[in-house]
Amino acid sequence: MRMLARLGITRIPVAVGRETPLSGNNAFPDAFRADTDTFWTPFTNLPDQALETVARRSAAQLLVDTINKSPKPVEILMTGSATNIAEALTLDPRITKKISRLQIMGGAVFIPGNLREHLDPILKQNQVSEFNIWTDPVAAQKVFSAGLPIYLTPLDATNQIGFTRADQAAWKATGTPESILASQFLNYALTKISGNDPLIPNPAWDLVAAINLSEPSFCPETPLHIEVNTNGKPKINQGQTVAIPNQPPNTNVCLNPSLANLPFTSQELFSDKAKPSTARRKSKV
């Protein structure tokens, strides 16, 4: 809410999501959450007070209400666990007919996952899973099996995209409240995650999924049948996103994105040249 206040934006409801997965006790490591809890201070700064209050409804109920009130089908960008979406589907399964696109950042389909990159000696044994799906695999499987028009941006895609110090400088120079905040986020990512190495760009994972949602030309779609491993052990293969051959596709998967496919450069991402496309591809599944 304080971030929206910094951007001068009101009338966007924000609700609190569930704190635990639908099943099990997987969670993002505390080391990942520490900087999030401080909103990436000192790289960013926020006003002391929000302009509005948090919604009294749960995140799942807010999703249901927003979708049902919309005069036209809605598009959803999911950049965390599937818990809130899964709970919304439980509250009102009919919302599936009012969702035109569910864009998910998560999973690793044909490449290793990112749990293996964690310092925890137990978690890093899991070579195949990605954190967003792993934190609530039961919820993820519920979402993938709900008959939704799903578009998946997995690590297969985000590993191919990188943002640099040149992008950070250009976003800052764009000068809008959103571009300046984005430049601060990227500064954090390049410094803390990429080790301040000029030769190591940062994939800004969620941003790649957002581009995939707004720009139809960004990535060709590969229809696949995706299942989530819910029965494996957390430290071995629980949460793995598995492509099942010879099954009807339930997901459009981005495997080969390219910034070269866009009508603007990565440095122009927050400029007037980057207008969201009004042309939308039809779901292939």
With criteria (1) over 28 Å from Glu215 (Cα atoms); (2) modelled with pLDDT of 95 or more; (3) not in a helix (DSSP H, G or I), Gln103 comes up short on (1)
Determine whether Leu186 is surrounded by 18 or more Cβ atoms within 10 Å (Cβ to Cβ) and part of a strand (DSSP E or B). no
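Any idea which of Ala50, Ala60, Ala31, Ala5 is in contact with a helix residue (DSSP H, G or I) (Cβ under 6 Å, 6 or more places away or on another chain), outside any loop (DSSP other than H, G, I, E, B) and not aromatic (Phe, Trp, Tyr)? Let's see the steps before the verdict.
On the way: Ala50 fails: outside any loop (DSSP other than H, G, I, E, B); Ala31 fails: in contact with a helix residue (DSSP H, G or I) (Cβ under 6 Å, 6 or more places away or on another chain); Ala5 fails: in contact with a helix residue (DSSP H, G or I) (Cβ under 6 Å, 6 or more places away or on another chain).
Going through Ala50, Ala60, Ala31, Ala5 in turn, just one is in contact with a helix residue (DSSP H, G or I) (Cβ under 6 Å, 6 or more places away or on another chain), outside any loop (DSSP other than H, G, I, E, B) and not aromatic (Phe, Trp, Tyr): Ala60.
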The condition from (1) over 30 Å from Lys72 (Cβ atoms); (2) open to solvent by 60 Å² or more (accessible area, probe 1.4 Å); (3) outside any loop (DSSP other than H, G, I, E, B); (4) in contact (Cβ under 8 Å) with a residue 12 or more places away in the chain that Leu119 misses is numbered (3)
message = Looking for something of a type outside the set (Val, Ile, Thr) and touching a strand residue (DSSP E or B) at 6+ places or on another chain (Cβ under 6 Å) - is there at least one such residue anywhere in segment 31-46?
response = no
TODO: Kindly establish whether Phe144 is more than 19 Å from Trp205 (Cα to Cα), surrounded by 17 or more Cβ atoms within 10 Å (Cβ to Cβ) and among the aromatic types (Phe, Trp, Tyr).
DONE: yes
Next on the checklist: Condition (residue is acidic (Asp, Glu) and under 18 Å from the mean Cα position of the chain (by Cα)) applied to segment 104-124: is it met by at least one residue?
Outcome noted: no
Note: among Gly232, Gly239, just one is modelled with pLDDT under 95, within 23 Å of Lys124 (Cα to Cα) and surrounded by 13 or more Cβ atoms within 10 Å (Cβ to Cβ), namely Gly232
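The values are calculated or read from the model by the stated rules, or taken from the named source; none is laboratory data. Predicted model, so just to flag it, every value in this text is computed and none were measured. Positions of Cβ are generated from backbone atoms using ideal geometry, with glycine treated the same way; all protein chains shown enter the neighbour counts. In case anyone asks, the SASA skips ligands and DNA or RNA and just uses the protein heavy atoms, side chains included. Shrake-Rupley method; radii C 1.70, N 1.55, O 1.52, S 1.80 Å.
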